[in-house]
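The values are calculated or read from the model by the stated rules, or taken from the named source; none is laboratory data. Note that this is a predicted model, so its numbers are computed, not measured. Every residue, glycine among them, receives a Cβ derived from its backbone with ideal geometry; neighbour counts consider all protein chains shown. When the accessible area is computed, the model is the full protein with side chains, heavy atoms only, and any ligands, DNA or RNA have been set aside. Shrake-Rupley method; radii C 1.70, N 1.55, O 1.52, S 1.80 Å.
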Amino acid sequence: MFEINFSDRIIELAPTLKILQIEAEVSNPDTPDSLWSRIESASKILKEKYELSDINKRASILGTRKIYKLLGKDPNRYRPSAEALCRRIINGKGIYRLTTLIDIINLISIETGYSIGGFDANKIEGNKLILDAGSKEDNFNAIGRGQLNIEGLPVYRDEKGGIGTPTSDEERTKLTPDTTKLLMLVNIYQEETSPQEVEAMAKELLSRYANLTSFSSKLIKV
């Protein structure tokens, strides 16, 4: 498994952070109707449970927003991905149907409120990652967004540069239909759903929909 370390800044400001690291050999076909039905069901439950004004108070989302503020980033301008996803659903805008791996990650985010990085492990440079604070010098090409100012965002870096923040992942290591090795990083800045529950959810979904052939996980604490 990839080795994951933390910068001094992250250790100082997020001492209770936990990361659920999952690595899996999988496939990434078009999202089947049965998986999409589960996403629609989870979306309906979310809309029944939360008002729009309540989403940023959800424990898992609130924890991520707090680290943004501590690092000097405005979480209302650069929303964590889980918050943005839930807001779209509650606003009635819906979410895009993409590929199986991306939609599995989206389903877990809807149900847990955690912002989750999903990476093609074969595109990561080296075998170590560090979670650091982004700087104004970072060149980060966010998926579907172009250049993103990640100064003050928590960012995973490989040997080449940043690959993922709770707001967006980087184009270089994104999941595609050709992905066969998944790295999933569940960022738990404040616990709402236990890591064990998230792990079980991920394993079940990957087994059912992504032709899972190997699965390993590790809980990392600051």
Fill in the blank from the handout: Note, the range 109-122: 3J(HN,Hα) by Karplus (6.51, -1.76, 1.60, θ = phi - 60°), whole Hz, Gly/Pro = x, goes 5, 4, 7, 10, x, 7, 7, 10, x, x, 10, 7, 4, 6
Completion exercise
Flagged as over-length at 24 Å C-alpha distance, from Lys57/Lys203; Lys66/Lys181; Lys123/Lys218, the pairs are Lys57/Lys203; Lys66/Lys181
Problem - Square roots of 5 times each gyration tensor eigenvalue, C-alpha, the range 134-174, largest first, Å - result: 13, 12, 9
Handout entry: Among Asn106, Asn122, Asn28: highest mean-square fluctuation, GNM of the chain, C-alpha pairs under 10 Å
Key = Asn122
Handout entry: Solvent exposure ordering (accessible area, 1.4 Å, most first) of Met201, Met184, Met1
Key = Met1, Met201, Met184
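What value, in deg cm²/dmol to 500, does the helix sum -39500 (n - 2.57) over DSSP H runs of n ≥ 4 give at 222 nm once divided by the residues of the chain?
Roughly -10000 deg cm²/dmol at 222 nm, from the helical runs in the chain.
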Practice task
Provide the per-residue ³J(HN,Hα) series for the range 77-87, in order, calculated from phi with Karplus coefficients 6.51, -1.76, 1.60 and θ = phi - 60°, each as a whole number of Hz, with x at glycine and proline positions.
Solution key: 8, 10, 6, x, 4, 5, 5, 4, 5, 5, 5
Handout entry: Most positive-pole-ward Cα, Ser27, Tyr50, Pro15, against dipole of the range 15-91 from beta carbon charges
Key = Pro15
Completion exercise
For the range 170-178, in residue order, the Karplus 3J(HN,Hα) values (coefficients 6.51, -1.76, 1.60; θ = phi - 60°; whole Hz; Gly and Pro = x) are 9, 4, 4, 10, 5, 6, 9, x, 8
